[in-house]
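Remarks on the structure that follows.
No value in this document is a laboratory result; all are computed from the given coordinates. These figures come from a predicted structure and were not determined experimentally. Here the Cβ positions follow ideal geometry from the backbone for every residue, glycine too, while neighbour counts run over all protein chains shown.
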Amino acid sequence: MTQLTVSLKELPLRKFLQVAPDTLLSEAARQMDNDGLDTALVMQGQNLLGILGSRDRLRAFHQQTPPNTPVRELMNSAHCSLKQNTFITDACSHLLQHAASELVITNELGMPLGLIGESELLQYITPFLTNDTQANKDWVLQHASKRMEADKQLHTLKRQTDLLSRFAAALINLPADDIDPVVNHALMEMGELVQVDRAYIFHYDFDTDTACNTHEWCASGISPQIHNLQVLPIQELSDWVCKHKRSENVVVDDFNLLPPGMMREVMEQQDIKSMVCLPILGNEGCIGFLGFDSVRSKRQYAPEDLEVLELFARTLANYRERLIAEQKLANNEANFHAFFDQTQDLLFVLSQQGDIVQCNTQATQRLGFSMEELYGKPVLQLHPDENHTEAAQIVADMAKGKTDCHAIPMQTRFGQQVPMETRVVAGQWNGIPALFMVCRDLSDITSSEEKFSKAFHLSPMPMAISDVQNGTFLEVNEAFFHVTGYDTHEVVGKNVAAMNLFGDLKLWGHIIEQLQQQGQVNNIEFPLRTKQGDIVYGLLSAALLELQGRQVMISQLLDITARKTAEEALVNERLLLRTLINSQLNLVWLKDPEGAYLACNSRFESLYGHTESEILGRTDIEFVNQEWAEFFRKNDHLAIKAGKPRINEETLTFASNGYQGLFETTKTPIFNGQQKLLGVLGVAREITHARHAEQERRRMERELHQSRKMEALGQLTGGVAHEFNNMLAIILGYKDLLQAKLDPSTDSSINIWLDHIDVAGVRAKELVRQLLSFSRPNEKQPKRINLEIGVRKAIALSQSSLPSSIEIDYRPDPELPDVQLDIGELQQMLTNVLVNARDAMDGKGRIEVTLQHTRHTEQECQLCHTLIEGYWVELCIADDGPGIFPEQLSRIFEPFYTTKAVGKGTGLGLSLVHSIMEHNGGHILLDSRPGEGTRFCLLFRPLDDEALKSIPMHTPVETPSLKAGRVLVVDDEPALTEFLKETLELQGLQVIALNDSREALDLLLEPEQQFDLLITDQTMPGMLGTELATQAKNHLGDLKVILCTGHSEQINADNAAEFGIDSFLKKPIGIQDIVIAIDNLSK
């Protein structure tokens, strides 16, 4: 509220009283009381006489006000002043010009004298306004309503304050059992004053973490909630509790503005639209809260409202603290009486004269008197007569503090003396000076001392009693001597620290400090030095006792030297074992019977990507997916069930770097001596590389086996081919001779028969050629070709071998690199594979031919069994036939192996494919399953963009024309030499035919024998054809040599010149072949 201060001259009180009639003052004071005002304007007519304050009102009505009332108590703080009529205009002008709502009037010293508000100005001062201020009259009228509202609020505040005063006064002397109704009534009045629908109190119990609604008032028509709000978990009110602990109010003006959460749910359940909760703060913090709910409409709380409610909450806190204090007092009193009556000592409360005022039940029971008999009786009468004087003096000395305690015997009702240790202190009992006497029965102490002495000396642990004040040994037992080597006379009376018994003086000082603070220490590991200087380790326990009036320490030492040595050895063993385990390249781990990890090595840490401390106590499901966790646990159970080590293979992926490997895992159940399962030990050895090496070894064995098999087949076919070509040469040669000598008039059927012989011979010759493909590469020259064009032409040429019932679906990749291959070999391979597919499908079905440039990774070739890597041009022929059985797959490329009916296949078609692909550096992939068809994939190495270099061919050396026609024919086959002799003689040459190569050499070396041409076989007994040619040419440099062979591993058309051979022919040869060869040598 804005205020304006105007300094005016204070006039004497007596002049004010002379001017202001008593009746006017009386009326002004009454108005102040009714309206709750601290000041009032005093007017006479329209003249302002002055301002009346609280003190002035008291002075005016001092005689009329009863003593000991609040009004009389205000006399120490009030003022009175008289003002002239002229200064009020001044005051109003300042008030209006500064837009103030109140005017405070002070004296020259600045002390406040009174206050003028808007309502007073409106009612009394309007006539005094000047022309300059008349324009502001509307402002005064407008703000008058605000003053009236303020007066209303002030009146409400006065009622609230009055309620708090009455409530506080009522709680002062009210019994605890009568407080709850007063609290409920106060809640009702306060709820009505602040115009809410529900007022309540909650109590926090932080021992049980609950909150309880203890009091509640509800307006008419509002449903009570107290029965639903008992023993609530504090966590449900966590937001409120946190604020209350910080002494903050919880104010919610509009429920709809609350975010979702527990507080919103609570308010929604109770239909609360607005609320305020104020903490009830006790001496030790928040003990509950005071709450007000608005259910019918929203309610906003002004700061002054909250101040009053906070004052109400503080009053409730005082009431609650009083209840707690009274409860504690009652509990303490009950505890005191329980202690007083249940303690084993005899307790007496004496008057200063020594008469018994109170005693406990132990005193009556031990001495045999009743309570009534002891009350009022002099305590000295409880002592033997001969000890009265001594006892009186001792009690007096103890009461004055001269003596702490003393042994004074007492006497029972039956005359029996009981040894007692007595203590007496002065104090008050119920506000009256008194003496308190505590007597301890010493009857059992002697017996106890004897038992203690026996236990002390017979204890197997070293024990000692020492004086705390001077630190000297008072007594030690025999075990002390056995452990330290010190005898009793060497220890008793000696200073504990000076004997150099302690291996760690700093630790000993810490023990003494802890002992003085706590009264005892237990099981502190402590090094003790023996008489010989050795260190003995033990667990030291000690306690402070009072013995014969002085404080002593009794201590014992449990020798743990052997245990500590064993522990150190165990630690070293564990360290060695840990080092050994961590140095292993294998994964090592240990699980308990439930599958939780107990230990693991550093390699295992990298598997799960966590340290050992993070792995221990956890199970596999926390590191891997459920499938793998169940797999690991299953193998654990199998090992446990077997009761012995069990091996299995596992593929593990390392979380640390993503590496995946194959491991051979051995899981061993661990049992203790009682055959109780302790856990499962796991060791995983990586076998990834070993497995790959084993697979590679097997693959290489297959490759070697295939190579040797093909080598053997090559040797076999080479030998067969040689002999077979010799026979074919004879058959076809004599057929040519016979056909050449036939007269034209001869029966035409004979020529037809001879042609059939020729056809069969040619077929046999082709068969031999196919056989020879296994012993050495054919002599065709590979060229750079576009495989797509070559395959298209080969398919077109093969169509004649396929019926129309077979559909060929050709799907080439338009962009393919060239390959190196003989176009004729491509035709042979594709024809053989297509014919095989035709026969497998019984002449009907679908064949798919695809051609693409693709990449292969770690696929095994069906031929050489090597692993295929990189990019290849792939020609695939797939049929939908019956497929090939697994046991047949390994043999289908063997020569003469066929599954076709007799007479329908030679078994050489796929063998030829095998040979061509091998000689051209290609590979074959085969995929076939019974009932699913067969897929052949021929892989050719792609060429780069450079042109393919042609392979150089041997060019025969030109020789001069023959001047003579003398020829030597050498062959170990007589029929063949006879054929060649007949053939050459028909050509006009002179021919000598021999069947022995050595005989031929001898003939060539004879001086008188002159030959122009030597025609020889290669493979002959005694001497090879190449050897014969070499030796012959060494002597006859001009001799021409033609070599004819059925098969040879050493010589071929390319290298024949290296052996001195001028012309190379492969059997079988016809007349035309030999004539052309001789003619070429003659040019």
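Annotations
- Each peptide in 534-547, 303-316 gets a packing score, the mean of other Cβ atoms within 10 Å over its residues, and the list from highest to lowest is 303-316, 534-547.
- Violating pairs (Cα-Cα greater than 28 angstrom) within the set 783/1040; 1040/1067; 328/377: 783/1040; 328/377
- Gain upon complete extension [residue 972, residue 611; 0.36 nm per residue less C-alpha separation]: 121.5 nm
- Anisotropy class of region 388-515 from Cα gyration tensor, a/c 1.5 cut: prolate
- Residues within the reach of a label modelled at residue 393 (point 7 angstrom out along Cα to beta-carbon, backbone nitrogen below 14 Å), restricted to region 399-418, are 403.
- Using the alpha carbons alone, the radius of gyration of region 584-686 stands to its Kirkwood radius in an Rg to Rh ratio of 0.94.
- Three-way shape call for region 966-1082 based on the alpha-carbon gyration tensor, with the a/c threshold at 1.5: rounded
- Charge dipole (Cα centre; +1 on Lys/Arg Cβ, -1 on Asp/Glu Cβ; no other charges) of region 314-409 amounts to roughly 640 debye.
- Relative contact order of region 343-441, pairs being alpha-carbon contacts under 8 Å that are 6 or more residues apart, as %: 30
- Of 765/1033; 531/564; 741/1033; 844/1066; 1033/1066, pairs whose Cα-Cα distance is over 29 Å: 765/1033; 741/1033; 844/1066
- Potential lengthening between residue 687 and residue 207 on full extension [0.36 nm per residue; Cα-Cα distance subtracted]: 166.7 nm
- Distance-filtered residues of region 1041-1083 - backbone nitrogen under 14 Å, label point 7 angstrom along residue 720 Cα→Cβ: none
- Judged by the mean number of other Cβ atoms found within 10 Å, the most tightly packed of the peptides 354-363, 505-514 leads the ranking 354-363, 505-514.
- Working from label points 7 Å from Cα in the Cα-to-Cβ sense, the residue 1010 to residue 805 distance is 7.2 nm.
- Cα gyration tensor shape for region 293-333, rounded if a/c is under 1.5, else prolate or oblate: oblate
- Of the residues 486, 597, the one with the fewest other Cβ atoms within 10 Å heads the list, and the complete ranking is 486, 597.
- Entry note, region 445-560: relative contact order of 25 percent, from Cα contacts under 8 Å with a spacing of 6+ residues.
- Hypothetical label at residue 357: residues of region 368-385 whose amide nitrogen lies under 15 Å (7 Å Cα-Cβ projection): 375-379
- Spin-label model, residue 232/residue 631: points 7 Å from Cα along the beta carbon direction are separated by 5.4 nm.
- Exposure proxy order (Cβ contacts within 10 Å, fewest to most) of 274, 370, 602: 370, 602, 274
- Across region 966-1082, C-alpha contacts under 8 Å between residues 6 or more apart give a mean separation that, scaled by the residue count, equals a relative contact order of 22 percent.
- Space enclosed by the convex hull of the alpha-carbon atoms of region 396-471, per residue, Å³: 159
- Label point distance in nm, residue 492-residue 596, each placed 7 Å from Cα along Cα→Cβ: 5.5
- Using the Cβ-Cβ distance between residue 331 and residue 166 with R0 = 30 Å, the FRET efficiency computed as 1/(1 + (r/R0)^6) comes to roughly 0.45.
- Only the Cβ atoms of Lys and Arg (+1) and of Asp and Glu (-1) were treated as charged; on that basis the dipole of region 782-940 about its Cα centre amounts to roughly 480 debye.
- FRET efficiency for residue 642 and residue 887, using Cβ-Cβ distance with R0 set to 35 Å, rounded to 0.05: 0.40
- If R0 is taken as 30 Å, the Cβ-Cβ distance between residue 1052 and residue 739 corresponds to a FRET efficiency of 0.50.
- Burial ordering of 734, 810, 200, fewest other beta-carbon atoms within 10 Å first: 810, 734, 200
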